[in-house]
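Just so it is clear, none of the values below were taken in a lab; they were calculated from the coordinates. Since we're looking at a predicted model, the values are computed, not measured. Cβ placement follows ideal geometry from the backbone for every residue including glycine, while neighbour counts extend to all protein chains displayed.
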Amino acid sequence: MTATANGAPPSVPAFLHPFARPAAESSSFVRIVGGKGARVWDDQGNTYIDAMASLWYCAVGHGRPEMAEAIARQAGTLGGYQCFDRFTNEPADALAERIASIAPEPGSRVFFTAGGSEAVDTALKLVRLAHVLRGDPGRTIVISRAPSYHGSAYGSTALTGLPPNQLGFGPGVPDVVQVPKDDLGAVRAIFEQHAGRVAAVFAEPIIGAAGVYPPQPGYLQELRRLCDEHGACLVLDEVITGFGRLGQWFAGQFYGVRADLTTFAKAVTSGYIPLGGVIVAPSVHEVLAADPAFILRHGFTYSGHPTACAAGLACLDIIERESLLSRPSVIGNALRPGLEALVSDGVVASFRGEMGVWAVELHPGQDVAAARDRLLDAGIVVRPIPPATIAMCPPFVIGADELDQILAALRSALA
């Protein structure tokens, strides 16, 4: 094979794809060129039901003209401007007020990022900083779980309970301790072993990209109690579950659990423009503001980006106007009996999920990537999670016939 001027084989694209083989040839990629509602199509004319809402985020569906209009309107007025120090903009202020008004904890404030990984890194820094400002700088230990997924920035990679995601990147952020999911005894042991040193527990209400695992009954409530008992913060990573995936604005509300910090991204704009953030409860932001002279030396170029925030406002308008918070229960009520039938008929080994996010577990020996490819050939986009999980997280606007097609495709592709 003849190399190009930069030494790369000519069939390898210039775009180095995330979570993909760098050696993958251009012909192996599916080039998506359009979408409407719960469907997308590629440059070969193939149409797919987007059973993953792209990557857990396109809640209001693809091709919404009101989203495009809101983005264009803001970009034509003030496309972008920084919010450091004394600067702000109207969409950022308005979206922060809007999110604070629906946040699980009254009196919360909102810090904006460009995505979920930045949000998790922000939460990691804020919990440690809050303890320093309280006069307790020794609280640096952070507990996370395995499996879990918290992102791909440096801090969020350290928190992620997926060892393959950490291989080769060198030492991670120090003082991160991982425990098995659902193992409250392990959490108690860490609190006792590191008495007075634990800053926070990080937990996805439903473990998402690491396999779709809903919590055991009472588990999240006990995490909250342990944090209160030992003076630590509870951080709920709601990058996937935030803005309606469980039928309420936030999973903390669904499970009745109070968080000191709540990370979000994805569905806040349904992915039309990247945006994320952290909902900061009074238990943390009041500490940050206690000294009027204190400066929060943390932020990102695009924190409070006006066009991204305008997209967030338009997305929340759609969710409220079309009562889309009611849709996850409809999705769950449609998928659950179909998935139960797949298990009882021996097509899959098991299933799990809640409301608007689901997964099936394949039988031993089945290749999860091959299963994904067969479903893609059948016109269904899912997310393969090695070694044996197929995840689904449909747009809220998906129709009953499309949910039926997903179930039929699972049966035919996995039988």
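Here are the numbers for this structure:
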| read-out | value |
| --- | --- |
| Candidate set from the range 70-95 (those that are closer than 30 Å to residue 38 by Cα and free of Cβ contacts under 8 Å to residues at least 24 places away in the same chain); member that is farthest from the chain's Cα centre (by Cα) | 76 |
| Residues within the range 268-291 that are of a type in the set (D, E, K, R) and either assigned to a strand (DSSP E or B) or within 30 Å of residue 36 (Cα to Cα) (or both), tallied | 0 |
| Only one of 369, 334, 349 that is touching an Asp or Glu at 6+ places or on another chain (Cβ under 6 Å), of a type outside the set (Lys, Arg) and touching a residue at least 12 places away in the same chain (Cβ under 8 Å) | 349 |
| Checklist (1) surrounded by fewer than 17 Cβ atoms within 10 Å (Cβ to Cβ); (2) under 24 Å from residue 276 (Cα atoms); (3) not β-branched (Val, Ile, Thr) applied to residue 170, failing item | (2) |
| Given (1) out of contact with any Cys (no Cβ under 7 Å at 6 or more places or on another chain); (2) surrounded by fewer than 24 Cβ atoms within 10 Å (Cβ to Cβ), index of the condition residue 271 fails | (1) |
| Residue 92 closer than 30 Å to residue 258 by Cα and part of a loop (DSSP other than H, G, I, E, B) | no |
| Close pairs from the range 199-226: first touching a residue at least 40 places away in the same chain (Cβ under 8 Å) and farther than 22 Å from residue 157 by Cα, partner part of a strand (DSSP E or B) and not charged (D, E, K, R), Cβ under 8 Å, at least 6 apart | 226/201 |
| Test result for residue 148, assigned to a loop (DSSP other than H, G, I, E, B) and not β-branched (Val, Ile, Thr) | yes |
| Strands (runs of 3 or more DSSP E) wholly inside the range 344-415 containing at least 3 residues that are farther than 15 Å from residue 55 by Cβ | 350-354, 357-361 |
| Scan of the range 41-76 for residues that are of a type in the set (Lys, Arg) and not in a helix (DSSP H, G or I), ordered by number | 64 |
